[in-house]
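Chemist: I'd like to ask some things about the structure below.
The values are calculated or read from the model by the stated rules, or taken from the named source; none is laboratory data. Because the structure is a prediction, the values reported are computed rather than measured. Cβ placement follows ideal geometry from the backbone for every residue including glycine, while neighbour counts extend to all protein chains displayed. Only protein heavy atoms, including side chains, enter the accessible area calculation; ligands, DNA and RNA are left aside. Shrake-Rupley method; radii C 1.70, N 1.55, O 1.52, S 1.80 Å.
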Amino acid sequence: MTTGQWIILDHVVALLGIATWFAAGVALALRRTRLAFAALVAAVLVTLVRMVTVVMLAARGWWFVQEKVLLGLPMLGVAGAGAVLLAARRGRGDGGSAGGVVSVLTTAYAALAGLVVTVLAGYPLTLSTALITISLVCAGALLTARVVAPPIENTADSEGRRGISRRRFIGWTGGAVAVTAAGAGAGLSFLPAESEAIGGGPGRSSRAAVSVADLRGPGSPAPGGTVRRAVLTAKKATVRLPSGREIHAWTYNGEVPGPAITATRGDLIEVRLRNADIDDGVTLHWHGYDVPCGEDGAPGVTQLAVRPGADFVYRFRADQAGTYWYHTHHASHLGVRNGLYGTLVVTPRDRQPADGQVDLTLPVHTFGGTVVIAGRDGRTEHLAPPGTPVRLRLINTDSDPHRFVLAGTPFRMAAVDGRDLNQPGEVSGVALHLPAGGRYDLVFLMPDTSVALVVDDDRDGGLRLHGDDPGEARIEDTSGLPELDLLRYGTPAAVPFDARDADRHFTMVLDRGAAMVDGQPAYAHTVNGRGHPSIPGQLVAKGDIVRFTVVNRSLETHPWHLHGHPVLILSRDGTPSTGSPLWVDTFDVRPGETWEVAFRAANPGIWMNHCHNLPHAHQGMMLRLHYDGVTTPFGGSPGHGH
Ligand code: C2O
Ligand code: CU
């Protein structure tokens, strides 16, 4: 079972526990003794099963169980043990005593409170959360005691049962509170302090401050390169989809995707962004491209959002060959969805595409529920004579992953996120899971027969390549094909640093929970229990080797994306990457997964570090990586950075 499945099972068992404890309490109050006894036995059994699920989760990481081990289970254990002891002592037939009812119901409250803490607070557990929760459970117990057992000392009811003694009850509850609180407190005090950094001494901060506004691109191309100029005007427009359907979109130059920006390695790219009528403001972010920080297009961090009528010039060297894309980074959960994106493809100088080669740049985007995969010409059918080298550049511009199958030919995954893999082997009959924001370059020689690119197992959509014979290829059902595991694909090669002696290590535990987002309380997408902008920034110094541990406690996939640096994948769920070195700018952390990645801090600036499911980023899942000594003059602007 995957950790994600254990998380779900644990929730189900927790719910069952709540239900059985409540059932036992209610049956007891109604003096349905048999039923109460059965429910009590069930509740105890479910609680024991719960311990198993928690132990299983604990084996996969402390992050998954901290609040359960330190608070939820101790509360449940203390209350449950009390309830069982009370029931045993009163003996058969006397289970309907008020004390029994209160103690069993209190256990139900404790079970409920434990789940609520998991769902609303998660990791890391704070002392205030623990104290508030324990107080609420105790308040529930006292209220229940008042209702089911009026505080009359030593008064027997008609059947000779006695109401609970108030003093004894308060003593009992107080004892339970003290024990639980002491346990939680002791546990919490043993927690390792969340360290902002490991290694990296003080004293580094003494260097002179530099503003991101001064971290700009060069004014000229590399020797032999040219200047590639473009003007992109953000404006609303009606555009026609390949299907013929017309949609209202936010566009660059009236087109979706925006103009294709292409360059040869060493060229200087100079793009003037104008905003015609996007009221919210826009920027251009060069996704995956390691531009100087001042060109990064993060509003509120590297610039102010470009308002209607204003403009901004981006200038950077095309130093990396490969498949990239650009998009607005202001209110990007709306802007990108509405069409403010385009492609950026840089070809190596020494490997210009051969004549006759088919090289298709294919951004995938969902418009009103329809997945569109097509280049800017809108065609989904292409001709490629047999033997032609074909390169398909898949770009996921959506917020959710897509699944691709290339049917009809073996192929190689030449590059991931723009960076070439080492000796990628030929594969076929596999599905490719492309995270939001990610890119895959697939290469193959065109066979005699047709080739189909199937997206999300929809055999009617996608893209077709035809050889001589444009006959429709029969496409088998692709839904059962296994996913290609990139951590085991290609051949290992030397990497430029040893990630084992990282200078800094940051853990990001991704979850959902109650948190403040932009000053508003929300059911947020959180990092370490907090939402943007309250998530502490990550401080690094130039030259540091930085390691990230990214843990997903939630039930949704989070495509993690750091600006300005590719990260090297070290491991997933403790299993090291054994294939080609895998340098990515977005990696999907699926429910229950734990990823280790590393990078060299070689690009000074202040960089967004966020989930590329853009609605998630908007709902809090976003923080910043700061280089020591770098400041921003754009911080206080209303255009916060996403
Ligand atoms: Cu493609 Cu911060 O984003
Ligand atoms: Cu996310």
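Chemist: Give region 364-390 a look and list any residue that's under 27 Å from Pro581 (Cα atoms) and either in contact with a Lys or Arg (Cβ under 9 Å, 6 or more places away or on another chain) or open to solvent by 40 Å² or more (accessible area, probe 1.4 Å) (or both), or say none. First the steps, then the outcome.
Modeler: Taking region 364-390 first, the residues under 27 Å from Pro581 (Cα atoms) are 364, 389-390.
Scanning region 364-390 gives a single hit, Pro389.
Chemist: Out of region 279-294, which residues are away from ligand 1 (no atom under 15 Å from the Cβ) and either free of Cβ contacts under 8 Å to residues at least 60 places away in the same chain or within 23 Å of Phe599 (Cβ to Cβ) (or both)? Lay out the reasoning, then the answer.
Modeler: Narrowing region 279-294 to residues away from ligand 1 (no atom under 15 Å from the Cβ): 279-281, 292, 294.
Asp279, Asp280, Pro292, Gly294 - these are the residues of region 279-294 that are away from ligand 1 (no atom under 15 Å from the Cβ) and either free of Cβ contacts under 8 Å to residues at least 60 places away in the same chain or within 23 Å of Phe599 (Cβ to Cβ) (or both).
Chemist: So, one more: Any idea how many residues of region 513-528 are over 10 Å from the mean Cα position of the chain (by Cα) and closer than 14 Å to Trp63 by Cα? Full working, then the answer.
Modeler: Here is the first cut: in region 513-528, the ones over 10 Å from the mean Cα position of the chain (by Cα) are 513-524, 528.
If we keep only those that are closer than 14 Å to Trp63 by Cα too, we end up with 528.
Number of matching residues: 1.
Chemist: Restricting region 52-74 to residues that are farther than 15 Å from Gly114 by Cβ and in contact (Cβ under 8 Å) with a residue 40 or more places away in the chain, which is surrounded by the most Cβ atoms within 10 Å (Cβ to Cβ)?
Modeler: Per the criteria, the residue is Trp63.
Chemist: Could you run through region 418-443 and say how many residues are more than 22 Å from Glu556 (Cα to Cα), open to solvent by less than 20 Å² (accessible area, probe 1.4 Å) and either charged (D, E, K, R) or in contact with a His (Cβ under 6 Å, 6 or more places away or on another chain) (or both)?
Modeler: Total meeting the criteria: 1.
Chemist: Let me ask you something else. His558 is checked against (1) within 16 Å of ligand 1 (Cβ to nearest atom); (2) over 14 Å from the mean Cα position of the chain (by Cα) and fails just one. What number does that condition carry?
Modeler: Of (1) within 16 Å of ligand 1 (Cβ to nearest atom); (2) over 14 Å from the mean Cα position of the chain (by Cα), only one is false for His558: (2).
Chemist: Could you look through region 532-544, keep only residues that are within 29 Å of Ala59 (Cβ to Cβ) and over 16 Å from the mean Cα position of the chain (by Cα), and pick out the one that is farthest from ligand 1 (Cβ to nearest atom)?
Modeler: Going residue by residue through region 532-544, those that are within 29 Å of Ala59 (Cβ to Cβ) are 535-536, 538.
Next, from what is left, pick out any that are over 16 Å from the mean Cα position of the chain (by Cα): 536, 538.
Values: Pro536: 19, Gln538: 15 Å.
The residue in question is Pro536.
Chemist: Answer yes or no as to whether His561 is part of a strand (DSSP E or B) and either modelled with pLDDT of 95 or more or not aliphatic (A, V, I, L, M) (or both).
Modeler: yes
Chemist: Also, I was wondering about something else. Report yes if Thr549 is open to solvent by less than 10 Å² (accessible area, probe 1.4 Å) and either of a type outside the set (Asp, Glu) or closer than 21 Å to His329 by Cα (or both), otherwise no. If you could, list the steps in order and put the result at the bottom.
Modeler: Values: open to solvent by less than 10 Å² (accessible area, probe 1.4 Å): yes; either of a type outside the set (Asp, Glu) or closer than 21 Å to His329 by Cα (or both): yes.
Answer is yes for this residue.
Chemist: Something else about it: Farther than 21 Å from Asn396 by Cβ, open to solvent by less than 10 Å² (accessible area, probe 1.4 Å) and outside the structural domain of Gln320 (by TED's automatic domain parsing): does that describe Leu570? Spell out how you get there, then give the answer.
Modeler: Numbers: farther than 21 Å from Asn396 by Cβ: yes; open to solvent by less than 10 Å² (accessible area, probe 1.4 Å): no; outside the structural domain of Gln320 (by TED's automatic domain parsing): yes.
Judged against the criteria, Leu570 is not a match.
Chemist: Inside region 489-512, can you point out the residues that are over 17 Å from the mean Cα position of the chain (by Cα) and assigned to a strand (DSSP E or B)? Give the steps one after another, and end with the answer.
Modeler: Step one: of region 489-512, the residues over 17 Å from the mean Cα position of the chain (by Cα) are 489-505.
Scanning region 489-512 gives Arg504, His505.
Chemist: Checking Val271 against (1) assigned to a strand (DSSP E or B); (2) farther than 26 Å from Val584 by Cβ: exactly one of these is not met. Which one?
Modeler: For Val271, the exception is condition (2).
Chemist: Quick one: in region 13-42, of everything that is under 15 Å from Gly72 (Cβ atoms) and not aromatic (Phe, Trp, Tyr), which residue is surrounded by the fewest Cβ atoms within 10 Å (Cβ to Cβ)?
Modeler: The initial filter retains those residues of region 13-42 that are under 15 Å from Gly72 (Cβ atoms), namely 13-18, 21.
Next, from what is left, pick out any that are not aromatic (Phe, Trp, Tyr): 13-18.
Details: Val13: 19, Ala14: 24, Leu15: 14, Leu16: 18, Gly17: 28, Ile18: 23.
Among those that are under 15 Å from Gly72 (Cβ atoms) and not aromatic (Phe, Trp, Tyr), it is Leu15.
Chemist: So, one more: Got at least one residue in region 249-267 being assigned by TED's automatic domain parsing to the domain that holds Gly309, open to solvent by less than 50 Å² (accessible area, probe 1.4 Å), in contact with a helix residue (DSSP H, G or I) (Cβ under 8 Å, 6 or more places away or on another chain) and among the aliphatic types (A, V, I, L, M)?
Modeler: yes
Chemist: Regarding region 337-357, can at least one residue be identified that is under 24 Å from Asp457 (Cβ atoms), within 16 Å of ligand 2 (Cβ to nearest atom) and touching a residue at least 24 places away in the same chain (Cβ under 8 Å)? Lay out the reasoning, then the answer.
Modeler: First, the residues of region 337-357 that are under 24 Å from Asp457 (Cβ atoms): 337.
Remaining after also requiring within 16 Å of ligand 2 (Cβ to nearest atom): 337.
Narrowing further to those that are touching a residue at least 24 places away in the same chain (Cβ under 8 Å): 337.
Within region 337-357, one or more residues are under 24 Å from Asp457 (Cβ atoms), within 16 Å of ligand 2 (Cβ to nearest atom) and touching a residue at least 24 places away in the same chain (Cβ under 8 Å).
Chemist: Related question: Being at pLDDT 95 or above and among the polar types (S, T, N, Q) narrows it down to one residue among Thr53, Thr33; which is it? Full working, then the answer.
Modeler: Numbers: Thr33 fails: at pLDDT 95 or above.
Going through Thr53, Thr33 in turn, the sole match is Thr53.
Chemist: List the number of the failed condition for Trp607; all other conditions in (1) part of a loop (DSSP other than H, G, I, E, B); (2) away from ligand 2 (no atom under 16 Å from the Cβ); (3) touching a His at 6+ places or on another chain (Cβ under 9 Å); (4) closer than 21 Å to His333 by Cα hold.
Modeler: Unmet for Trp607, out of (1) part of a loop (DSSP other than H, G, I, E, B); (2) away from ligand 2 (no atom under 16 Å from the Cβ); (3) touching a His at 6+ places or on another chain (Cβ under 9 Å); (4) closer than 21 Å to His333 by Cα: (1).
Chemist: Kindly evaluate Val540 against the criterion of being surrounded by 13 or more Cβ atoms within 10 Å (Cβ to Cβ) and more than 16 Å from ligand 2 (Cβ to nearest atom). Break it down into steps so the answer makes sense when it comes.
Modeler: On the way: surrounded by 13 or more Cβ atoms within 10 Å (Cβ to Cβ): yes; more than 16 Å from ligand 2 (Cβ to nearest atom): yes.
Answer is yes for this residue.
Chemist: In the list Gly592, Gly564, Gly529, which residue meets the criterion of being closer than 29 Å to Asp485 by Cβ, crowded, with 21+ Cβ neighbours inside 10 Å and more than 16 Å from ligand 1 (Cβ to nearest atom)? Please lay out each step first, then the result.
Modeler: Numbers: Gly564 fails: more than 16 Å from ligand 1 (Cβ to nearest atom); Gly529 fails: closer than 29 Å to Asp485 by Cβ.
The match here is Gly592.
Chemist: Please work out if Arg624 is away from ligand 2 (no atom under 16 Å from the Cβ), in contact with a strand residue (DSSP E or B) (Cβ under 8 Å, 6 or more places away or on another chain) and open to solvent by 40 Å² or more (accessible area, probe 1.4 Å). Before you say what the answer is, go through the steps one by one.
Modeler: Numbers: away from ligand 2 (no atom under 16 Å from the Cβ): yes; in contact with a strand residue (DSSP E or B) (Cβ under 8 Å, 6 or more places away or on another chain): yes; open to solvent by 40 Å² or more (accessible area, probe 1.4 Å): yes.
Judged against the criteria, Arg624 is a match.
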